[in-house]
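See below for the structure under consideration.
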Amino acid sequence: MAVIDNVSANGVPPHLRGNGAPVQEELTLTDLKVTGTIPAHLDGRYLRNGANPITGMSDHPFLGDGMIHGVRLREGKAQWYRNRYVQTPYITDPSRNILDMDTGLGDMAMSKANTHIFGHAGKFLALEEGHFPYVLDGDLNTVGPTNFNGKLTGSFTAHPKICPLTGEMLAFGYYFLEPYLTYLRVSPTGEMVQNTVITVGGPTMMHDFNVTENYVIFMDLPAVFDLEMAMRGELPIHWDDNYPARLGVMPRDGADADVKWFDINPCYVFHPMNSYEEGDNIVIDVARFSHIWRDGAMDFPPPVLWRWVINTKTGKVSEEQVDDRPGEFPRVADSVIGRKHRFGYEMSAPELGGSDSPLDDPGAIIKYDRVTGARTSIELGKGRSPGEAVFVPAENPSSEDDGYLMTYVFDKAKNTSDFVIFDAQTMSQEPVASVHLPRVPFGFHGSWVDASVAN
Ligand SMILES: [Fe+2]
C-alpha cells in the first residue's frame, strides 16, 4: 500500500489534511446558534462516527480512533452538540497497535470503534468491523465493549441491518483466520440468537452486506487478507484478480448449507444502497468500484451506482450501471431497509478513489428516484462538503421521501461546520435548519437515533 510513501514534505498524509485533520478537544456546547426552524417533532440524536487519531497521526484513513459527533434535538431546539472519543484501550495507551496480530487484531475488545453508530434495543453501539461493538450512553460516554453475554465470539460488522418489520438486527463478522465469515442475528430485544459459520473461499474484506424480507446476501469480493502486508504493518488487504466475485444468498434463519452462491463480474462494493425481493428476483443497488487497491495503488476509478438483479431460479445475475456521477455512502429511509425502495441518497464523491484530498470538497447530496430514473441534487458549492446524508421521516409521512436529510457540512472558507437538515422531498438547496458548530472533521457513518429507540 502506498500510504506510507504518499506523505507530503511536512509529514501529513492526505487523509489528515484539510477537514481530514483530527480535532483534539472534546466539547459540550449547549448555547447553539440556529438558522431556520428545527422540526418540533424530532426527538432524538443525530450521531456520526469517524476516525480521529488521538496522536494526531494515523497511517491509514481506516485506522484512527473512533470519535462520535452528536447533536441532540428536542422540542424544536438543538439542546447540545458534543464530541467524544469512544474510550477504547487505544485512548488510554495510544502506543498500542491495532494491526498487531496478537493484541490488536487478535483481541476482540481492541476495537477502534470508529466506523458507524446505531441505536438498537435501548443501546447506542459504536462499531468497527474487526472487533466487538462498544456500548455508549446517551451523552456519548463509553460503557464498554459487548459480546452479547458471551454469544459473540468474533468480530461484528460496522454495517448491521435493522429490519423495520421485525426489529431484528442482522449482522455478520469476518476475520483473517478461520472461520472467515460468521452470520449473526440479534433479536429485537438485543439478544444474539444466531451465530452461524459460513463457508467461503478465503479471508476477504467484507465491509457490508444486504438483507431482504426473507434473505441475507453476502458479498464475497476480491479484496483479500494479506498476511505479508500485515507483517509489514500495512492495512492487510490486497486486490486478487484470481479470487472469484460472488454473492451468497441465505434465508435469514438459514444454515451454511442453505447459502446459494452466484458469480458476478469482479468489482468491489463497500456499501450497498438497499436490496429487496421481487418475485424470484433479488434486486440490489450498490455503490460499485471496478476494483480497489490493485497492485497497492491508492487511486482507482470512483464508485458509481449499479443495480444487480439475481434471478434465484435461473441463477443468472444481471448487472447494470445506473449512473455515471460518482457517489458513495448510499442510504435509504430506515423504514424501507430490505424492502422495495423508490428513493436513495448518496454523497457526491468526485474525489473518492484517490486524490491529494480524499473526501475533500465533494459538494453535493444526490437523490435517486429508482422508479422514474430521475436524479436530483443539493449542490453545496465549492468549499462546502457534506458527509453521508441520513434520512429521517417527517411527523406523519405521506410518502417514502417525506422527511429530512441530516448531515454535517464543512465550510472550507470559514473552517467551521454546520449540522444541516434538508428537505428530502423537495431537495431544496436551502436547509430547513442549520445548527452552527465548530469544525467537525470528515468521518464515516451515522444514524438518527430516535429517543424512542435509545435515550
Ligand atoms: Fe462503511
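Tabulated values for the structure
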| item | result |
| --- | --- |
| Dipole of the chain [Lys/Arg +1, Asp/Glu -1 at C-beta], most positive-end residue of ASN147, ALA413, TRP239 | ALA413 |
| For region 34-44, Karplus couplings with θ = phi - 60° (6.51, -1.76, 1.60), whole Hz, Gly/Pro x | 10, 10, x, 10, 6, x, 5, 6, 5, 9, x |
| Amide H within-cut-off set for GLN194, under 5 Å, with H built and near neighbours excluded | ARG185 |
| Proximal lysines relative to LYS151, as straight alpha-carbon distance under 29 Å, when same-chain residues fewer than 8 apart are discounted | LYS112, LYS123, LYS161, LYS260 |
| Reach of LYS313 by Cα under 15 Å, taken over aspartates and glutamates that are not fewer than 8 positions away in the same chain | ASP258, ASP263, GLU277, GLU278, ASP280 |
| Debye intensity ratio I(q)/I(0), log10, region 88-160, q values 0.18 Å⁻¹ (C-alpha model) | -0.65 |
| Per-residue ³J(HN,Hα) for region 433-440, Karplus 6.51 cos²θ - 1.76 cosθ + 1.60, θ = phi - 60°, Hz, x for Gly and Pro | 8, 10, 9, 7, 10, x, 4, 10 |
| For the chain: Kirkwood Rh in Å [reciprocal of mean 1/r, alpha carbons] | 22.0 Å |
| Cα centre as origin, Lys/Arg/Asp/Glu Cβ charges: region 14-450 dipole, Debye | 720 debye |
| Cut-off 12 Å between beta-carbons: net charge of the residues surrounding GLU168, Lys and Arg +1, Asp and Glu -1 | 0 |
| Helical mean residue ellipticity (222 nm; -39500 (n - 2.57) per DSSP H run of 4+; nearest 500) of the chain | -500 deg cm²/dmol |
| Per-residue HN-Hα couplings for region 333-346 [Karplus 6.51, -1.76, 1.60; θ = phi - 60°; Hz; x = Gly/Pro] | 4, 4, 6, 10, 4, x, 10, 4, 9, 9, 10, x, 10, 9 |
| Amide H partners (placed H, <5 Å) of THR416, local residues excluded | ASP411 |
| Dipole moment magnitude, nearest 20 debye, region 357-455 about Cα centre, only Lys, Arg, Asp, Glu C-beta charged | 420 debye |
| Percentage relative contact order, region 14-450, counting C-alpha pairs under 8 Å, at least six apart | 13 percent |
| In region 274-316, the trypsin sites (Lys or Arg not before Pro) that fall in loop regions by DSSP, at most 15 other Cβ within 10 Å | LYS313, LYS316 |
| Inter-part distance where region 186-221 and region 363-381 are each reduced to a Cα centre, Å | 30 Å |
| Additional length obtainable on full extension of the chain from ASP93 to ASP253, 0.36 nm per residue less Cα span | 53.6 nm |
| Highest to lowest packing among 161-174, 391-404, scored as the average C-beta count within 10 Å | 161-174, 391-404 |
| Those residues of region 231-274 whose amide nitrogen sits under 15 Å from the label point placed on LEU177, 7 Å along Cα→Cβ | 231 |
| Residues ASP263 and LEU165, FRET efficiency given R0 of 30 Å [Cβ-Cβ distance, rounded to 0.05] | 0.50 |
| Cα-centred dipole magnitude for region 178-316, charges only on beta-carbon of K, R (+1) and D, E (-1), debye, nearest 20 | 260 debye |
| Residues whose placed amide H lies under 5 Å from that of ARG252, excluding near-sequence neighbours | TYR215, VAL216 |
| Lysines whose Cα lies under 30 Å from that of LYS382, excluding same-chain neighbours fewer than 8 positions away | LYS33, LYS77, LYS367, LYS412, LYS414 |
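Every number in this text was worked out from the coordinates using simple rules, so none of it is lab data. Bear in mind the structure is a predicted one, so any value in this text is a computation, not a measurement. When we count neighbours, we look across all protein chains shown, and the Cβ atoms used for this are built from the backbone with ideal geometry, even at glycine.
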